[in-house]
1. When residues of region 106-117 are filtered for being part of a strand (DSSP E or B) and either among the aliphatic types (A, V, I, L, M) or modelled with pLDDT of 90 or more (or both), how many remain?
2. Name, by its number, the condition in (1) modelled with pLDDT of 95 or more; (2) in contact with a helix residue (DSSP H, G or I) (Cβ under 9 Å, 6 or more places away or on another chain) that does not hold for A55.
3. Out of the residues in region 87-102 that are of a type in the set (A, V, I, L, M) and either in a loop (DSSP other than H, G, I, E, B) or at pLDDT 95 or above (or both), state the one that is surrounded by the most Cβ atoms within 10 Å (Cβ to Cβ).
4. With respect to Y72, is the statement that it is of a type in the set (S, T, Y), free of Cβ contacts under 8 Å to residues at least 40 places away in the same chain and in a loop (DSSP other than H, G, I, E, B) true?
5. Starting from region 95-117, take each residue that is without any contact (Cβ under 8 Å) to a residue 40 or more places away in the chain and list its partners that are aromatic (F, W, Y) and surrounded by 12 or more Cβ atoms within 10 Å (Cβ to Cβ), counting only C-beta distances under 6 angstrom and pairs at least six apart or across chains.
Amino acid sequence: MKIARLLIAACLVGLSSIITIEPPLGRAFTLSSETLSQPGQIIHVPGDYPTIAQALTATHSGDTLQVAAGTYREGSLAIPSGVSLVGAGWQSTIIDGNGANVAISLSPNTLVEGFTN
């Protein structure tokens, strides 16, 4: 029962460091922030940030950038690991490089969908 309470408390406070909990049988185990994945935030473009590039600077693994329909004039975009970039649909959400190529660099565990260029 104590272990369950500690684990729940650790999840709620968003642990960023390593802790050790000792179970009743005396066997210790380590719980790190990597194993406590918190649900990501949904960040809206242009609601929260005016551009996709600006929104990407505020993301963390597990976050989703929800991009509203429209044309976004962007340069190169680097999608961080674990981040999803989701447009409103390929017919209505456009990434425009103003005549230049738009480079989108993907990291592991990323998702990009619902766009055209």
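The values are calculated or read from the model by the stated rules, or taken from the named source; none is laboratory data. Bear in mind that the values here come from a model prediction, so they are computed numbers and not experimental data. In this analysis, Cβ positions are derived from the backbone assuming ideal geometry, glycine residues included, and neighbour counts consider all displayed protein chains.
1. Number of matching residues: 4.
2. Going through (1) modelled with pLDDT of 95 or more; (2) in contact with a helix residue (DSSP H, G or I) (Cβ under 9 Å, 6 or more places away or on another chain) one by one, A55 breaks only (2).
3. For region 87-102, the residue satisfying everything is V102.
4. Numbers: of a type in the set (S, T, Y): yes; free of Cβ contacts under 8 Å to residues at least 40 places away in the same chain: yes; in a loop (DSSP other than H, G, I, E, B): no.
The answer is no for Y72.
5. T116/W90
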